[in-house]
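Quick notes on the structure that follows.
The values are calculated or read from the model by the stated rules, or taken from the named source; none is laboratory data. What you see is a predicted model, and the numbers here were worked out from it, not measured in a lab. Glycine gets a Cβ as well: all are built from the backbone with ideal geometry, and neighbour counts include every protein chain shown.
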Amino acid sequence: MTATIEPEVGKGRLRKEDERLVTGRTRWTDNLTLPGLVHLAVLRSTMAHAKIVSIDTSAAKEMPGVVAVFTGDDLDPDGAIGMPCAWPITPDMKSPRRPVLAQGTVNFAGEGVAVVVARGAAEAEDALAEIDVEYDELPVVLGLENALAEGAPLVHEDLGTNRNAVWIFDSGEAGSGAPVEQAISDAEVVLKRRFRQQRLVPAFMEPRACMVDPTAPQLTMWSATQIPHILKTMSALTLGLPEHKIRVIAPDVGGGFGGKIAVLPEEIMCLLVAQKLGKPVKWTESRSETMVAAHHGRDQIQDLTIAATRDGTVTGLKVELLADMGAYLGLVGPGVPILGAFMFNAIYKIPAYHFACTNVFTNTTLTDAYRGAGRPEATFAIERIMDELAAELGMDPMRLREQNWIKHEEFPYTTVSTLTYDSGNYEAATAKAMELFGYESLRQEQRERRDRNDPVQLGIGISTFTEMCGLAPSRVLGSLDYGAGGWEHAAIRMLPTGKVEVITGASAHGQGHETAWSQIVADQLGVPFEDVEVLHGDTQSSHKGLDTYGSRSLAVGGIAVVKATEKVIDKARKVAAHLMECSEDDLEFAGGKFTVKGTDTSTGIGDIALAVFAAHDLPEGIEPTLDSDAVYDPENFSFPHGTHLCATEVDTETGRVRIRSYVCVDDVGKVVNPIIVEGQMHGGLAQGIAQALYEEAVYDESGTLTSGTFADYLLPSAVDLPEFTTDRTETPSTTNPLGVKGVGEAGTIASTPAVVNAVVDAVRHYGVDDIEMPLTPMRVWQAIRTGEKAAGGPGAESGGGLGSIDAAHGGAQ
Amino acid sequence: MIPAPFDYVAPSTVDDAVRALADAGEDAKVLAGGQSLLPVLRVRLAAPTKIIDLGKVAELRGVREEGDHLVIGSMTTHYEVQRDPLIAEHATLLARATDTVADPQVRHRGTFGGSLAHADPAGDLLAPALALDAEVVIQGMDGKRTATAADFFEDFFTTSLRPDEILVEVRVPKHTGWHAHYEKFNRVAQAWSMVAVAATVRTDGDAIAEAKIGLTNMSSIPMRATAVEQALVGQPATTEAIRAAAEHAAEGTNPTVDGNADVEYRQHLARVLTGRAISAAMAG
Ligand SMILES: Cc1cc2nc3c(=O)[nH]c(=O)nc-3n(C[C@H](O)[C@H](O)[C@H](O)COP(=O)(O)OP(=O)(O)OC[C@H]3O[C@@H](n4cnc5c(N)ncnc54)[C@H](O)[C@@H]3O)c2cc1C
């Protein structure tokens, strides 16, 4: 066996999985089939809020190829089944039952009302038109403040309120800081701002799909899911099925971005219908269904009050959020804004902090995790208000940040929201970014353009961010009332020929785990990269796991892999000592070989694997296996950080924004594969920039999603995005043996405020101090015009400060 | 995303296609590149029972000269229009506008005739056709007829094509030596126009002799900015003169309102983009 000389970790390996993923020559849920398979199509409500008077399925049942038609009452006559929510954030949180198919009322446009089962997918689709549903309209509740207003109609009459829960953190009460009201009343400068996080669609490439085979004693469910393990346990709990009678497989999954962290009513529906009919069933949604029925992300109103001294030291921060849950609670939906609670203080030393979030029901598609989940919202708000504070104080926005951030020598640092940041170096990342960006010369050009009243104005936006990654220490999740732990599992199987199978509980859906895990194992065991096969996503091979989200896979799942390899080596050492007739202490392991110290006698790990397989000559009491597994529960989060700088050109005649340059220097700790890191950054930046400039899910006043296709819901493509300059600093995490942090969400979290800050900076001299996302050309143009009118022409002082609260969100509406 | 069931025929001559269309009646639809029709079928906004695919009708494809006209077969794809040497020389405006349509995949399948027949007010080829004073040749059971672009477009997604008629070819008067530019404004690269301006200009020495300006998406049908055209005649091609003329661009327009733009903003864009389109045409 050849030992690898050069370490694999750190190499820019092309991804093992790309050939099949990029060509599509692989197994997605929708292209799987089974003998006797029947197809499901769901009739969805076009009403946002209505009583179901009657559902007549008789004509649909007569349609060609139709096997059966079921309503909610047919599948669940007792109304006993409710979709699970795993995150009851407060003891008194209001939880409406979310049925498999609507029963009694529909609560958002897109909710399933009936399901057709037919021999062909087209026949199932054709029969939908023959189902006759009579609705009795109910008043539609839309908009966070409307939903909370006195006398507002209720989404769920039986709950008596549209308020789902109120969650509060206060540093005064927690003892982690001073009381915020005091800080505000004592402050030299107080600034208030309201920001809006528009609603977004997680826009994964592969629509959701599910197939269930009930024909063996153990049910098998294939699903385009991010969370096969959680889905298995939750399906058992939801339906009262014995857990050992369910196997869940996530085959290759075409993206998720949080949008596939869910236990779907459609998945439960597939289980129920398959069992009822005794036939394998498959459901695949259309893109139109994805848009209305798959959970959305973001959708918050953020009210911030920041207190500071006149020379720029932040003395307090108060955050009041309203968060739209939609019509029901998703699997982790109520907790998403709460994840932000720990991130508003960001990289800054803020002595007093208060956070309060009110979750609200409306007659819209439910919201839940979307890339970053809670942290982009927090980062956006703090990074935006830091720029506004800088403008108010007449300070350079980078200078203000520097004055308030945690210095590299101050780590580990416990923040006002009680997290302990283990490591970081904001100075180093910022210095590198400023240099790559050419900050000073861009500022100079900005002044020149202003002076000559150039129709194209230049703006510079900053975002210095951190995030909590690697979800999560189980005890922390427990303290937040989350319904599970945050550990991850891995197992190593040493095959007789010296090849290695790695099993991971982190179920990849495009991230590249197969490549990164192979690199880690190659180094740990000293085997060639090619000799490692990574298995995931099937609860039969990978029986234990908590799946992929929250930038956790490497920082938690990757560490579990390391721990499992250490156990393999420990076992192998005993056998090696026996075979070479020496003491274990005389052995050293490197490059895949045990060598007797000071000699050239050695045995490779492959030879040991074969010897263990044969088991002819093993030491007394040793099991004939090197296979090992490990479960790793992190002691802390990891805290990637970075400095993102964006220069935008704003065409003041049309309002169009063009990103001229984008520089980011991220510190994601030790890098296993720079190509994968780069890919995650690029994709993340695209999604974050898209929130700033392009994407928005819009409802009309009847609760119909008007941005229900990609012609209306605008996703940028490569041509719309600038060339990114990405670079890194490397401050290893001190809380895990690889020193890794997490990179899956960084770009998304950091980029949105960088872009918006840059646009506002470009037009601030017109009296603009905010523009609502997405910054459409019309909104930018209107903001300039409104600003000009309000401020009496270009050059006047911009709004802001306590004196201008009412005009605080000036800009365009 | 599965269309309702339909019958499918693919005739190889225009005569056969017209007959198939007449036989099938109101419930038939002609399929050209399918880039607009298929999405409509897949979301079941339409459910024709018969599809007549023009893809095999060779005589509908290609570009030829006929005296002082170019004749463009309705099934000529966007990709072909972009690269055709005759169009480049005699109807530059059309080539430049076609460059901005969608993305390469769509341009390989979508057709010039299909775009005109579909008559989406945000479609990019209607205003250039109107600006170039194109005529469409239409064939039905009663034979052929010709309509000017101005008469052809009637309303949102509505033309003077009768259900049993096929758009056969488009006759474009040669605009040899005219400057041309299509100024498109949209939010992401592959999207339809929010507003766009098709400008083609003939110069006489340093002065503008004649200008033809078409507006995309400023009404339910493409429009000519006649006031701008008139204001430009005899003017020097200076920034000030162009800007002054462009101020008239929104006169008589009646744009729709959507999430991207209200009336005021669309009219403002029309003025700004008209100025830019003319300037860019002159520079090109
Ligand atoms: C993603 C995407 C982006 C797009 N972006 C743009 C854009 O930016 N700008 C733009 O202008 N267009 C855009 N389009 C539309 C594209 O240009 C289409 O090609 C065009 O609108 C229709 O042409 P087609 O050949 O595909 O027609 P089809 O879709 O086949 O037909 C469209 C309609 O016209 C009728 N029809 C077609 N040909 C004839 C004929 N010869 N006689 C009678 N009736 C006929 C059909 O019956 C149908 O009703 C886009 C399309 C897509 C899918």
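Values for this structure:
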item: Matching entry among A:ASP712, A:ASP727 (being over 16 Å from A:GLY470 (Cα atoms) and either hydroxyl-bearing (Ser, Thr, Tyr) or more than 23 Å from the chain's Cα centre (by Cα) (or both)); result: A:ASP712
item: Residues satisfying the stated conditions in the stretch A:307-332, i.e. in contact with a Gly (Cβ under 7 Å, 6 or more places away or on another chain) and over 17 Å from A:MET93 (Cβ atoms); result: A:ALA307
item: Qualifying positions in the stretch A:137-162 - of a type in the set (D, E, K, R) and either buried (at least 16 other Cβ atoms within 10 Å of the Cβ) or farther than 24 Å from A:ALA697 by Cα (or both); result: A:GLU150, A:GLU157, A:ASP158
item: Index of the failed condition, B:PRO39 passing every other in (1) within 7 Å of the ligand (Cβ to nearest atom); (2) under 13 Å from B:PRO163 (Cβ atoms); result: (2)
item: Long-range neighbours under 6 Å by Cβ, at least six apart or interchain, first residue more than 17 Å from B:PHE153 (Cβ to Cβ) within the stretch B:104-118, second near the ligand (Cβ under 8 Å from one of its atoms) and part of a helix (DSSP H, G or I); result: B:ARG107/B:HIS78; B:GLY110/B:HIS78
item: Set A:ALA216, A:ALA293: member being of a type in the set (Gly, Ala, Ser) and within 28 Å of A:MET47 (Cβ to Cβ); result: A:ALA293
item: Which listed residue, of A:LEU40, A:LEU34, is part of a loop (DSSP other than H, G, I, E, B), within 30 Å of A:GLY254 (Cβ to Cβ), in contact (Cβ under 8 Å) with a residue 12 or more places away in the chain and among the aliphatic types (A, V, I, L, M); result: A:LEU34
item: Residues that are of a type in the set (S, T, N, Q) and within 14 Å of another protein chain (Cβ to nearest Cβ), drawn from the stretch A:711-733; result: A:SER717
item: Failed condition for A:SER628, given (1) surrounded by fewer than 18 Cβ atoms within 10 Å (Cβ to Cβ); (2) outside the structural domain of A:ARG449 (by TED's automatic domain parsing); result: (1)
item: Hits in the stretch A:359-399 (condition: among the basic types (Lys, Arg) and under 22 Å from A:GLY550 (Cβ atoms)); result: A:ARG371, A:ARG375
item: Residue list for the stretch B:168-227, filter: assigned to a loop (DSSP other than H, G, I, E, B), more than 13 Å from the chain's Cα centre (by Cα), touching a residue at least 60 places away in the same chain (Cβ under 8 Å) and within 14 Å of chain A (Cβ to nearest Cβ); result: B:ARG187, B:ALA189, B:GLN190, B:MET194
item: Failed condition for B:ALA134, given (1) at pLDDT below 95; (2) touching a strand residue (DSSP E or B) at 6+ places or on another chain (Cβ under 6 Å); result: (1)
item: Qualifying strands (runs of 3 or more DSSP E) (wholly inside the stretch B:42-156; at least 2 residues being within 10 Å of the ligand (Cβ to nearest atom)); result: B:50-53, B:135-140
item: A:SER551 over 15 Å from A:ILE605 (Cβ atoms), outside the structural domain of A:GLN226 (by TED's automatic domain parsing), of a type in the set (Gly, Ala, Ser) and touching a His at 6+ places or on another chain (Cβ under 9 Å); result: no
item: Residue that is surrounded by the fewest Cβ atoms within 10 Å (Cβ to Cβ), among those in the stretch B:5-41 that are part of a helix (DSSP H, G or I), more than 14 Å from every other protein chain (Cβ to nearest Cβ) and not hydrophobic (A, V, I, L, M, F, W, C); result: B:GLU26
item: Selected residue (only one of A:ASP213, A:ASP136 is in contact with a Pro (Cβ under 7 Å, 6 or more places away or on another chain) and charged (D, E, K, R)); result: A:ASP213
item: Breaking point among (1) closer than 13 Å to B:ALA117 by Cβ; (2) touching a Ser or Thr at 6+ places or on another chain (Cβ under 8 Å), for B:THR77; result: (1)
item: In the stretch A:245-288, residue surrounded by the most Cβ atoms within 10 Å (Cβ to Cβ) [restricted to those that are part of a helix (DSSP H, G or I) and among the aliphatic types (A, V, I, L, M)]; result: A:ILE268
item: Some residue of the stretch A:337-346 being modelled with pLDDT of 95 or more, in a loop (DSSP other than H, G, I, E, B) and among the polar types (S, T, N, Q); result: yes
item: Selection status of B:LEU232, within 11 Å of another protein chain (Cβ to nearest Cβ), hydrophobic (A, V, I, L, M, F, W, C) and either closer than 21 Å to B:ASP133 by Cβ or out of contact with any His (no Cβ under 8 Å at 6 or more places or on another chain) (or both); result: no
item: Filter result (closer than 26 Å to B:HIS69 by Cα and not in a strand (DSSP E or B)) within the stretch B:157-167; result: B:SER160, B:LEU161, B:ARG162, B:GLU165
item: Qualifying residues in the stretch A:103-117 (those that are touching a Gly at 6+ places or on another chain (Cβ under 7 Å) and crowded, with 24+ Cβ neighbours inside 10 Å) - the one nearest to the other protein chains (Cβ to nearest Cβ); result: A:ALA109
item: Of all residues in the stretch A:679-713 being touching a residue at least 60 places away in the same chain (Cβ under 8 Å) and within 16 Å of the ligand (Cβ to nearest atom), the one that is nearest to A:LEU775 (Cα to Cα); result: A:TYR694
item: All positions within the stretch B:58-88 that are surrounded by fewer than 15 Cβ atoms within 10 Å (Cβ to Cβ) and farther than 28 Å from B:ASP16 by Cα; result: B:GLY67, B:ASP68, B:ARG83, B:PRO85, B:ALA88
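Each row is one residue, and each column tells you yes or no for (1) surrounded by fewer than 17 Cβ atoms within 10 Å (Cβ to Cβ); (2) part of a helix (DSSP H, G or I); (3) more than 10 Å from every other protein chain (Cβ to nearest Cβ).
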| position | (1), (2), (3) |
| --- | --- |
| A:THR643 | no, no, yes |
| A:ALA647 | no, no, yes |
| A:GLY655 | no, no, no |
| A:TYR662 | no, no, yes |
| A:VAL671 | no, no, yes |
| A:ILE676 | no, yes, yes |
| A:GLY684 | no, yes, yes |
| A:ALA690 | no, yes, no |
| A:THR709 | yes, no, no |
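Residues are listed down the side, and each one gets a yes or a no for (1) of a type in the set (A, V, I, L, M, F, W, C); (2) under 30 Å from A:ALA692 (Cα atoms); (3) without any contact (Cβ under 8 Å) to a residue 24 or more places away in the chain:
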| site | (1), (2), (3) |
| --- | --- |
| A:GLU581 | no, no, yes |
| A:GLU588 | no, no, yes |
| A:ILE605 | yes, no, no |
| A:LEU645 | yes, yes, no |
| A:ASP651 | no, yes, no |
| A:ASP667 | no, yes, no |
